[in-house]
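Right, one structure below, let's go through it.
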Amino acid sequence: MNFYGYKRPDGRVGIRNKVLILPASVCASDTTRIIAQQVVGAVTFNNQQGCAQVASDQQLTMDVMAGYAANPNVYGTVVVSLGCENCQMDLVVKAIQERTNKPLKQVIIQEVGGTLKAVETGVRYAKEMVSEAALLQKEEFPMSELILGTECGGSDPTSGLAANPLIGKLSDLLVAEGGTSILSETTEFIGAEHILARRAATPEIRDRIFEIVHRYEKALQLVGEEVRRGNPSPGNKAGGLTCLEEKSLGCIHKGGHSPINAVYDYAKQVEAKQGLVIMDTPGHDTSSVSAMVAGGAQVIVFSTGRGTPTGNPLAPVIKITGNRITYANMVDNIDVDASPYIYGTKSLDELGSELLKLVQEVACGKQTKAESLGYTEMSIARVCNFV
């Protein structure tokens, strides 16, 4: 099974061909928005961080920024900084160059003379990159080049009964093709971590699964909080989920039945052709998706029982629900109805084959509903408060 994509100079394969206007901090975010609005083919996001951060917190931001620039769906990047933030231009450029050798330009607002001159320079750079990107011809690649991110949000019982098992089936099918699938949301392993640990390929990976779960719980306890006070969310409870363990037992279905071959820290580079892996992310949808995209995922599959319109600036997000009422109510937002599995009109094998075909089509250029609507939500996980 193959798809048509873009070969990058670093050897990775993209399924989109975007130019990223990257804000190094919150102070550059409006400037990057203005630049991207003037260049067809350019994308950006609102970076709420990049300054007034302690080192460990800043590292998460740096990893996401570098990972976004390195994501194979990006042709090249124009980095825009204010000039005095923590995430200094030289640090951001160095982090990007450690991950990729794709085209890279820099604009420092304070040095070029303010917003208008920064916009003029950034637009010029972006248009040059878009013109260069347009010359690339798509090539045929095996599905093993894909890194798939899996997410669930706005869950209800149908997520665990149908949508997440369907994503798990897709994950197993992609792994069988030689590809990589990322299982995320560490807080939603709690109560089911022992089940995941049994599938670890090595004792070291088993121990790492327990470590990230226990560390997450302890981090919240350090500030006097408990994860169960916020998870399940009010929407989860209204949908019929009663406790975090119940939610976790549904969540882990997204990983299918393949062995777990690695555990990655938040937003670190994920290797292709690695089978099923875990990334240590929050259960918070947009910050979890952002980490997987920063890790190199070209496409995301996202289950939702209650319904969500979430997208991403760089990676197409395929939305799946197991709730036929939600699908009818939010057909403009949701790509796949998994409820036939619940009602017995289609098997998981049938739905899995259909979903793999859809992923192939999206990889070849078919827009997801989130893409067609222009949804580009994005956030970055935090270690602690601003300083």
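The values are calculated or read from the model by the stated rules, or taken from the named source; none is laboratory data. Source: prediction; values computed, not measured. Methodologically, a virtual Cβ is constructed for each residue, glycine included, from the backbone with ideal geometry; neighbour enumeration extends over all protein chains shown.
Numbers below:
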read-out	value
Criterion (under 14 Å from Gly191 (Cβ atoms), surrounded by 16 or more Cβ atoms within 10 Å (Cβ to Cβ) and either in the same structural domain as Val301 (by TED's automatic domain parsing) or among the hydroxyl-bearing types (Ser, Thr, Tyr) (or both)) met by exactly one of Leu249, Leu276	Leu249
Only listed residue being in contact with a helix residue (DSSP H, G or I) (Cβ under 7 Å, 6 or more places away or on another chain) and of a type in the set (Asp, Glu), chosen from Asp63, Asp90	Asp63
Options Val227, Val223, Val213: the member that is assigned by TED's automatic domain parsing to the domain that holds His253, aliphatic (A, V, I, L, M) and in contact with a Phe, Trp or Tyr (Cβ under 6 Å, 6 or more places away or on another chain)	Val213
Some residue of region 293-312 being assigned to a helix (DSSP H, G or I) and either touching a residue at least 24 places away in the same chain (Cβ under 8 Å) or touching a strand residue (DSSP E or B) at 6+ places or on another chain (Cβ under 8 Å) (or both)	yes
Residue that is nearest to Val387 (Cα to Cα) [pool: residues in region 4-53 that are among the polar types (S, T, N, Q) and buried (at least 23 other Cβ atoms within 10 Å of the Cβ)]	Gln53
Those residues of region 54-71 which are closer than 15 Å to Glu85 by Cα and crowded, with 22+ Cβ neighbours inside 10 Å, in sequence order	Thr61, Met62, Met65
Qualifying residue in region 260-276 (condition: over 13 Å from Ile205 (Cα atoms), in a helix (DSSP H, G or I) and modelled with pLDDT of 95 or more)	no
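Here is a yes/no grid of residues against (1) surrounded by 24 or more Cβ atoms within 10 Å (Cβ to Cβ); (2) within 30 Å of Thr77 (Cβ to Cβ); (3) modelled with pLDDT of 95 or more:
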| position | (1), (2), (3) |
| --- | --- |
| Gly311 | yes, yes, yes |
| Pro316 | yes, yes, yes |
| Thr321 | yes, no, yes |
| Asp332 | no, no, yes |
| Asn385 | no, yes, no |
